[in-house]
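The values are calculated or read from the model by the stated rules, or taken from the named source; none is laboratory data. None of these values were measured; they are calculated from a predicted model. Quick reminder, even Gly has a Cβ in these numbers, built from the backbone with ideal geometry, and neighbours come from all protein chains shown. The area values use the complete protein model at the heavy-atom level, side chains included, leaving out ligands, DNA and RNA. Shrake-Rupley method; radii C 1.70, N 1.55, O 1.52, S 1.80 Å.
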Amino acid sequence: MNYNAPEGPTNKQINSDEKMSMADRFIKAMFLPGDYPQLMKLSFAKVVTFLCLLIFLVSFVQYAIPVLARLAGYGGVKDYVIDVLPDFSLKDGEFFLSEKYERNDEAVNSYYLIDTSKESFTADDVDRDKMQVVLVSRTNILVYNNVTGLGGSIEEEKFSDFSRLIIDNESVASLAPFIYLGLFGMYILMYIMCFVRYLLSALFYAFLMYILTRVMMSKLSFGIIYKIALFAQTIGALVSAVAVLVGTPLFIMAGSTFAMVVTVIIMNRAFFKIVPPPTVRR
């Protein structure tokens with residue numbers, strides 16, 4: 001009796017897949033859904049490495065490049081604080097800002113005002129129709145928050161409580177190394193948030209496609225579909241990052257729409273390469 005082993009990838013093919021370069025992984029993930037069966041054979045460690053690099057590119061384009069470009073344009077943190085920011089100081093329990101700052105954000109119904117020509121602000125100066133109001137005078141800060149259903153509350157901080165503290169442009173500029181360290185810490189936080197958001201987006205696409213493909217391709221487990229979604233989002237994530245870098249609402253909306261459409265298309269094409277549709281017999 002002859003026994004034929006089931007068909008499957010040879011050791012040579014498996015080794016070839018495991019030795020796939022990072023550039024090949026990106027090209028296949030973005031443009032070659034027909035090669036997704038090879039991506040599915042990658043080890044967990046290689047998938048994680050791919051995702052770490054992808055999220056680094058996305059987060060760097062979205063968050064790091066705008067900040068670095070602005071700082072470079074101003075000559076660094078120190079020059080920015082001294083030459084660009086208005087003169088400010090906190091000394092002897094009083095705050096001073098050389099320019100009046102006022103912002104009325106209608107999108108979130110909030111109002112912000114820094115006017116150190118005012119001796120102090122009182123509760124009567126608060127516009128209670130706003131959801132949030134922040135008023136800063138020479139001697140105090142008023143913060144008003146209106147919580148729906150619970151009413152509004154006002155909190156006051158007096159600069160006299162910080163009479164021993166002395167802060168001005170020069171003292172802040174001298175802390176430039178620590179500011180750079182803080183900016184790096186913020187980038188790490190943004191990187192983590194971007195990574196989590198990417199994983200959750202992949203979960204959404206996987207759950208959606210899992211429901212839609214159960215009838216046609218029941219052989220695919222949720223784990224495989226989720227792994228497909230992790231790779232399929234690659235090109236959409238990069239395009240969306242560039243759209244955010246451009247910054248205009250039209251580009252951001254177009255980038256998000258493109259990301260959703262192209263991810264679904266890539267996943268759909270990858271499905272039929274991993275599990276070919278049944279042939280119709282006559």
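Pop out the Kirkwood hydrodynamic radius of the chain from its pairwise C-alpha distances, inverse of mean 1/r, in Å to one decimal.
23.8 Å
Where the only charges are on Cβ atoms (+1 Lys, Arg; -1 Asp, Glu), what is the dipole of the chain about its Cα centre, to the nearest 20 debye?
Dipole size: approximately 2640 debye.
Taking loop as defined by DSSP and a crowding limit of 12 other beta carbons within 10 Å, which GluC sites (Glu not before Pro) in segment 86-181 fit?
GLU99, GLU106, GLU119
Assuming a ≥ b ≥ c are the square roots of the Cα gyration tensor eigenvalues, decide whether segment 134-242 counts as rounded (a/c under 1.5), prolate (otherwise, with a/b larger than b/c) or oblate.
Oblate shape, in that a/c is at least 1.5 and b/c is the bigger or equal ratio.
Could you state the accessible area per residue of the chain in Å², with a 1.4 Å probe and every protein chain left in place?
64 Å²
For segment 54-165, what size does the Cα cloud have along each of its three principal axes, sorted from largest down, in whole Å?
Computed over segment 54-165, the largest-to-smallest principal extents equal 48, 40, 23 Å.
What does the helix-only formula give at 222 nm for the chain: each DSSP H stretch with n ≥ 4 adding -39500 (n - 2.57), the total divided by the residues, and the result rounded to the nearest 500 deg cm²/dmol?
Counting only the DSSP helices, I get -16500 deg cm²/dmol.
With every protein chain left in place and a probe of 1.4 Å, what is the accessible surface of MET186, to the nearest 10 Å²?
Surface open to solvent at MET186 totals about 110 Å².
Using only Cα atoms, tell me the angle between helix 65-74 and the longest principal axis of the chain; keep it within 0 to 90° and round to the nearest 10.
Helix 65-74 sits roughly 40 degrees off the main axis of the chain.
Which trypsin sites (Lys or Arg not before Pro) from segment 196-250 combine a DSSP loop assignment with at most 14 other Cβ atoms within 10 Å?
ARG214, LYS219
So if I place +1 on the C-beta of Lys and Arg and -1 on the C-beta of Asp and Glu, and nothing else carries charge, what would the dipole magnitude of segment 92-179 be about its Cα centre? I want it in debye, nearest 20.
Once rounded to the nearest 20, the dipole reads 140 debye.
What does the accessible area of LEU238 come to, in Å² to the nearest 10, when a probe of 1.4 Å is used?
40 Å²
Students often get this wrong, so check it: of LYS100/LYS130; LYS130/LYS158; LYS19/LYS41, which have C-alpha atoms separated by over 18 Å?
Flagged as over cut-off: LYS100/LYS130; LYS130/LYS158.
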